[in-house]
Amino acid sequence: MSNYPIVLISGWAMPAGAMASMADALDVDHRRVSIVELPGLVRESQAYKTSHDWNSLLTYLDHQLFEKPAVLVGWSLGGMLATLYASRYPDNVAAVVNLGANACFVQNDSWQQAMDPTLFASFYQGMSQSRDKTLQQFVLLCSSGSPRRKELSTSLQALLSDADIDHQAEDSTLLSLLGILGKSDLRSAFGDIRCPVTHLFGKDDALVPVGAADAIEQAFAKHRVQVLDGGHCFFMDDPEPVISEVRRLSSGDVGT
């Protein structure tokens, strides 16, 4: 059996370049690899609209999938989208690998292993008032927990600086996507997935608490969960464990 195509889905406010090194590594053995960048950065994505909900994001992702079924590798919001897409369109997805993606991004009464609501509200307000300052803060949070924090922060900031951004549209879109994150509760989607699912977390992630790994493992017994060294960008520090898992699943090797 030939390998399934691999689709990497970037996270909120992060250019496709954040996943480029992983794509290059996966492409070494001639697997078909592509990267989907979420709306809010590239000008082309604005054709879809600047105000989004999960349904519009699902449509957006579906238009990016040129081969189906595929293995979806989603980072943060990208992982939440991959999960929802797999639950809605099971025939289109061979497997899902989530990188730092929670079932609920913000705490609620029945899911405490997530971001504090007050912190999220402050971040949302900051984004609406000062995009540049808040994105710098976001970069610092993404690089927190990395053994090469300063280098990673510089790299992420450079990626954002180089993005071909339509700033007026970006502000509206990124706020819209933040709103989705703030209200997200995808536990039913997590439970509905029929394909193999692996959740990988950074043990020092400043955006998704490592306790989410235990919560997901307890709530969804059939899902594979692993905690790795690093923060929210653990796959940029040491991509090999992620690459190994993606290769396993793209080969259809789900029995080991």
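The values are calculated or read from the model by the stated rules, or taken from the named source; none is laboratory data. Nothing here was measured: the structure is a model prediction, and the numbers come from that model. When we count neighbours, we look across all protein chains shown, and the Cβ atoms used for this are built from the backbone with ideal geometry, even at glycine. Just the protein is used for accessible areas: all its heavy atoms, side chains included, with ligands, DNA and RNA removed. Shrake-Rupley method; radii C 1.70, N 1.55, O 1.52, S 1.80 Å.
Some observations on this one:
- Residue match in the range 99-106 (condition: open to solvent by 40 Å² or more (accessible area, probe 1.4 Å) and either basic (Lys, Arg) or within 21 Å of ASP229 (Cβ to Cβ) (or both)): no
- Exclusive hit being outside any loop (DSSP other than H, G, I, E, B), in contact with a strand residue (DSSP E or B) (Cβ under 8 Å, 6 or more places away or on another chain) and of a type in the set (Ser, Thr, Tyr), set THR118, THR83: THR83
- Scan of the range 113-147 for residues that are open to solvent by 70 Å² or more (accessible area, probe 1.4 Å) and touching a residue at least 24 places away in the same chain (Cβ under 8 Å), ordered by number: GLN113, TYR124, PRO147
- Qualifying residues in the range 204-220 (those that are of a type outside the set (A, V, I, L, M) and under 16 Å from ALA189 (Cα atoms)) - the one most open to solvent (accessible area, probe 1.4 Å): GLN218
- All positions within the range 93-112 that are within 29 Å of ALA70 (Cβ to Cβ) and assigned to a loop (DSSP other than H, G, I, E, B): GLY100, ALA101, ASN102, ALA103, CYS104, PHE105
- Some residue of the range 149-161 being buried (at least 18 other Cβ atoms within 10 Å of the Cβ), out of contact with any Ser or Thr (no Cβ under 8 Å at 6 or more places or on another chain) and farther than 23 Å from SER130 by Cα: no
- Among helices (runs of 4 or more DSSP H) entirely within the range 129-242, having at least 1 residues that are out of contact with any Leu (no Cβ under 9 Å at 6 or more places or on another chain), modelled with pLDDT of 95 or more and not hydrophobic (A, V, I, L, M, F, W, C) singles out 149-162, 187-192, 211-219.
- Among the residues here, VAL246 qualifies as β-branched (Val, Ile, Thr), out of contact with any Gly (no Cβ under 8 Å at 6 or more places or on another chain) and open to solvent by less than 40 Å² (accessible area, probe 1.4 Å).
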